[in-house]
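What follows is one structure encoded as structure tokens, with my remarks underneath.
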Amino acid sequence: MILSLVNVKGGVGKTTTAVNLGATLARSGLRVLIVDLDPQGSASFSLGITEKDARPSAADLLLGDRPIREVIRETGRPGLDLVTGSMELAEGDLTLARKRDPERQLARALAPVRRRYDFIIIDCPPGLSVLSLNGLAASKAYVVPVVPHDLDMEALNRFFGGMDRIQHAIHRHPPLLGILLTMVDHRTRVTDEVVAGIRAAFGRDVFRTEIPINVRLAEAPGYGKSIFDYQSWSKGAQAYAHLGGEVISRSTKAGLV
Ligand SMILES: Nc1ncnc2c1ncn2[C@@H]1O[C@H](COP(=O)(O)OP(=O)(O)OP(=O)(O)O)[C@@H](O)[C@H]1O
Ligand SMILES: [Mg+2]
């Protein structure tokens, strides 16, 4: 199963979800690879790898044709491997444009190791640049994290419209595995209203699991730790563990694993 975390919006919990979903799946005994496609390298940083140690990275895979075996690294956590992101990815638009099938480079690069993993989780940068298109084109499904308290329903509908056009353009139609409500703060009434609204509008396309706002989730990356290494009893850890179960059951039901 290969899935991408995508949203045009920044700061909605894509990276936090990629890292902690990957970590919980690995802890349940699955073989997991996280691919960091963001030039900011936040997922790599969250797993303890700083920019100066980020090479070789996904940039060497996509832009430099380096074989994936030389780019994958172990994270020191059983079952959890990583392809880092690095600044050079920011040159992706220019460099990839010169290649044939610019949006297929990640799919091509992952092909030799696909069977080695139960889950490959791709953390896309915000937006729908050629990097995110590479993530989508390599994926069997995608997940859209949204933050209810600053959700603009029209913008979300426009985003799904944009996704349709892009999927046509790249001739790949990975299904939506689910919309994930993140940083949910039920102390404010507006959150309750928006959550109810989005569940009414999108129904079963919304994960039942909600990720609450939880300061431990924001602290863990600074220590280079997943929430399970940092505070496995926190509300954030419980929520991501629960999400892991739901991702497995949805993937199984959809015949994707
Ligand atoms: N459930 C949560 N509770 C509290 N803080 C959170 C939660 N989820 C994410 N954060 C924090 O919010 C910020 C944005 O999260 P994150 O980096 O995961 O979003 P993103 O969508 O990957 O952002 P970008 O678009 O910049 O890549 C980070 O500082 C992160 O630590
Ligand atoms: Mg991110």
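What are the ³J(HN,Hα) couplings of the range 180-196, residue after residue, when phi is run through the Karplus curve with 6.51, -1.76, 1.60 and θ = phi - 60°? Round to Hz, x for glycine and proline.
Values per residue, Gly and Pro as x: 10, 7, 10, 6, 6, 10, 6, 6, 9, 5, 4, 4, 4, 5, 5, 4, 4 Hz.
By counting other Cβ atoms within 10 Å of each Cβ, how are GLU219, GLU210 ranked from fewest to most?
In order of increasing Cβ crowding within 10 Å: GLU219, GLU210.
Over the range 2-253, calculate the relative contact order: mean separation of alpha carbon pairs under 8 Å at least 6 apart, over the residue count, as a percent.
Reported as a whole number, the value is 25 percent.
For each of GLU88, GLU103, GLU70, count neighbouring Cβ atoms within 10 Å of the residue's Cβ, then give the residues from fewest to most.
GLU70, GLU88, GLU103
Using 1/(1 + (r/R0)^6) with R0 = 51 angstrom and r between the beta carbons of ASP152 and THR50, what's the FRET efficiency to the nearest 0.05? The partial results should precede the final answer.
Numbers: r = 34 Å, r/R0 = 0.67.
About 0.90, to the nearest 0.05.
Check ILE120: other-chain or 5+ apart residues with amide H under 5 Å from its amide H, H built from backbone geometry?
Distant-sequence amide H within range of ILE120: ILE2, LEU3, LEU33.
Step through the residues of the range 77-83 one at a time and calculate ³J(HN,Hα) from phi using the Karplus curve (6.51 cos²θ - 1.76 cosθ + 1.60, θ = phi - 60°), rounding each to whole Hz and writing x for Gly and Pro.
10, x, x, 10, 10, 9, 10
For the range 84-97, just list the computed ³J(HN,Hα) in residue order, Karplus coefficients 6.51, -1.76 and 1.60, θ = phi - 60°, integers in Hz, with x standing in for Gly and Pro.
6, x, 8, 3, 4, 4, 5, 7, x, 4, 5, 5, 5, 4
Amide H to amide H under 5 Å from LEU181: which residues, 5+ apart in sequence or cross-chain, H placed 1.01 Å off N in plane?
Long-range HN contacts for LEU181: VAL146, PHE207, ILE211.
When DSSP beta bridges are limited to those with both residues in the range 1-147, what percentage is antiparallel, rounded to the nearest 5?
15
Among the lysines, select those whose C-alpha is under 23 Å from the C-alpha of LYS235, and discard any that sit fewer than 8 residues away in the same chain.
LYS14, LYS225
Taking springs between alpha-carbon atoms closer than 10 angstrom, which of LEU181, LEU151, LEU128 fluctuates most in the Gaussian network model of the chain?
Among LEU181, LEU151, LEU128, the largest GNM mean-square fluctuation belongs to LEU151.
Note down the magnitude of the dipole of the range 1-149 about its Cα centre, charges +1 on Lys and Arg C-beta and -1 on Asp and Glu C-beta and zero elsewhere, to the nearest 20 debye. The partial results should precede the final answer.
Details: 19 positive and 16 negative charges, 99 e Å.
Using Cβ point charges on Lys, Arg, Asp and Glu, the range 1-149 gives about 480 debye.
Can you list the aspartates and glutamates whose alpha carbon is less than 14 Å from that of LYS52, not counting same-chain residues fewer than 8 positions off?
Answer for LYS52, where 14 Å is the Cα cut-off: GLU88, listed by chain and number.
Can you tell me the dipole magnitude for the range 2-253 around its Cα centre, using point charges on the Cβ only (Lys, Arg +1; Asp, Glu -1), in Debye to the nearest 20?
The calculated dipole for the range 2-253 is roughly 800 debye.
Counting other beta carbons within 10 Å of each residue's own, what order do LYS52, LYS140 fall into, fewest first?
Neighbour counts put them in this order, fewest first: LYS52, LYS140.
Considering every Cα-Cα pair within the chain, what fraction, in whole percent, is farther apart than 30 Å?
21
Among DSSP bridges having both ends in the chain, what percentage is antiparallel? Round to the nearest 5.
Bridges in the chain that DSSP calls antiparallel: roughly 10 percent.
Over the Cα atoms of the range 68-215, what Rg and Dmax result, in angstrom?
17.4, 51
Since every read-out is calculated from the coordinates, none of them should be taken as a lab result. What you are looking at is a predicted structure, and each value in this text was computed from that prediction instead of being measured. Because the Cβ atoms are built from the backbone with ideal geometry, glycine has one as well, and the counts that use them run over all protein chains shown.
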